[in-house]
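First up is the structure itself, then whatever we jot down about it.
Every read-out reported here was derived from the displayed coordinates using simple, explicitly stated rules and does not represent laboratory data. Every value quoted in this text rests on a predicted model; they were computed, and no experiment measured them. Virtual Cβ from ideal backbone geometry, glycine too; neighbours counted across all protein chains shown.
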Amino acid sequence: MSKRFSTLDTTRLLFEHPKILFRMIERMDRNEARYIRESDLVAEVMDYTGNLGKADRDRVRLAMNTDNLFRSGLIIDIIKADGERRLVFQDALINLMRACNASLYQELTDARLRGHLVTLRDVRNRLEISSFSEADPDYTELRDDLNERVSQLIGLLRQNVLRMQTISAQLADLSGDASRAPEKYLEFRQNLFEQIVTLYDRHIKPTLVFLNPDTRLPDGSNLFETLEAMVRLLETNDNHSLADQIFRSSLSLNALYKPIQAVAQEVEHFLRKTRRGMAQYNAMEHFYGKLRALKDETETLSLRRKWLEGGEFARSTGFLVGLRAQQRPKHYAFGQSSSYYQLLFSELDLRLSDLRRKAEVPVLQEVDGSGRHSRIDVQRINQLYQWLETLELRPTADLVRELHGRLDGFIPGYRFPDLLAALNRLVNSPPEGMQVVTTNRFRTLEQAPDSEQFVYRKRRLEPGVTDIKQEPSHA
């Protein structure tokens, strides 16, 4: 009697050396077949085990022997055709291997999706004539069948979403020659266009149509209409638990529409890329793949590997060198309160008022020198004071920066001494009904092109308090 492994030991060896079946499944998908040729399996096993030690080599070859796989139940059928033996593996094993490798997920075609829809319609029709009694075995079997069909559909679609979300790597593989053969770019782009259009029409678009609740099918109800009909039937017959479960499943299916729609938009955007854009796209995808490999190393059983070992990656690419010395980009977000928009519109009104009054802006006399010790002509200051008398101001938390924004770009030859003159004028003679409050906080202003800096004490312009002086009474 020849030596053989049990089903558990054989399966354990398959998952200890998964690359063999990974490559077999890839070849099976490429040939659009549901079987693996025995000659291909033997060649792959011999090639893979060539670099293993003698003990491991013998164990893997014995486990992957056709007789051992058939006796352990992992191969369910052997077909002899065209002078070769074709091996049909257990669907459970193939699906489990696909679950271990996202690149092996099969895209759902229109035929497979319509097959699931037809099955659900049949379950709905059988549910319409069911007794809805727990004592009826036909009803309990139908209920279990419904749960299995819906769960299986959700699992397949989630796998399909994960597969589609890795489409960036697939697009990078398809466009890998774009930067290496510029003279054949037009021919390459045509072939690439045909491949991506096939991917879009055969896999992405049918899934979008299938998950669209507004789809109208000529042969009957769509997916969500079928599920809603079953929910109504179950609620009418007081089976609220199963009705809630089917309703939640329909919500889960509906949530899968947006990720697939985002993938479709990415494909459409990729088709509009130029040769240079494709080269940049491939470069980013290449380095992203390296980072993904570093991340995968942290997802092992070792609890010590929690952080990316990215030192070598950073040194080899130069992307991250000196990144900590750079300030994070500051984001700007619109506020949510009504007062925020009132201040925004008020600022726009003031700026528009300045633009309308631009013809009245005085042409200030240029002065010699620059900096804080420059001579400022009296006539220049008087012209600036006259213009300030007509300037509309509103309460602000930083009067100096407000004045700088109003004067810069409107006053010809504007300099920081002009700002000081305007600030002194407003401090000594604030606008009617206003008061200037000086704080102990300091701020800095810069002015191009000389990058001159001005450090100032922050001042607030606030509504003033009217002092009521009481005249002394005369006896």
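Residue ranges 131-142, 416-427, 195-206 sort as 416-427, 195-206, 131-142 when ordered by packing (mean number of other C-beta atoms within 10 Å per residue, highest first).
Given R0 = 45 Å, the distance between the Cβ atoms of D58 and L308 translates into a calculated FRET efficiency of 0.75.
Could you tell me whether the stretch 7-103 comes out rounded, prolate or oblate from its Cα gyration tensor? Rule is a ≥ b ≥ c as square roots of the eigenvalues, rounded for a/c under 1.5, then prolate if a/b exceeds b/c, otherwise oblate. It comes out rounded by the Cα gyration axes.
Backbone phi angles across the stretch 124-139, fed through the Karplus curve with coefficients 6.51, -1.76 and 1.60 (θ = phi - 60°), yield HN-Hα couplings of 4, 5, 5, 5, 5, 10, 7, 7, 6, 10, 5, 7, 8, x, 5, 5 Hz in residue order; Gly and Pro are listed as x. Judged by the mean number of other Cβ atoms found within 10 Å, the most tightly packed of the peptides 62-70, 380-388, 212-220 leads the ranking 62-70, 380-388, 212-220.
As a rough guide to protection, the peptides 53-60, 225-232, 452-459 ranked by mean Cβ packing within 10 Å, highest first, stand as 225-232, 452-459, 53-60. Fully extending the segment from D82 to R232 would add 48.7 nm, taking 0.36 nm per residue of separation and subtracting the current Cα-Cα distance. Once the Cα-Cα distance is subtracted from the 0.36 nm per residue extended length, the S337 to D219 segment shows a gain of 37.3 nm.
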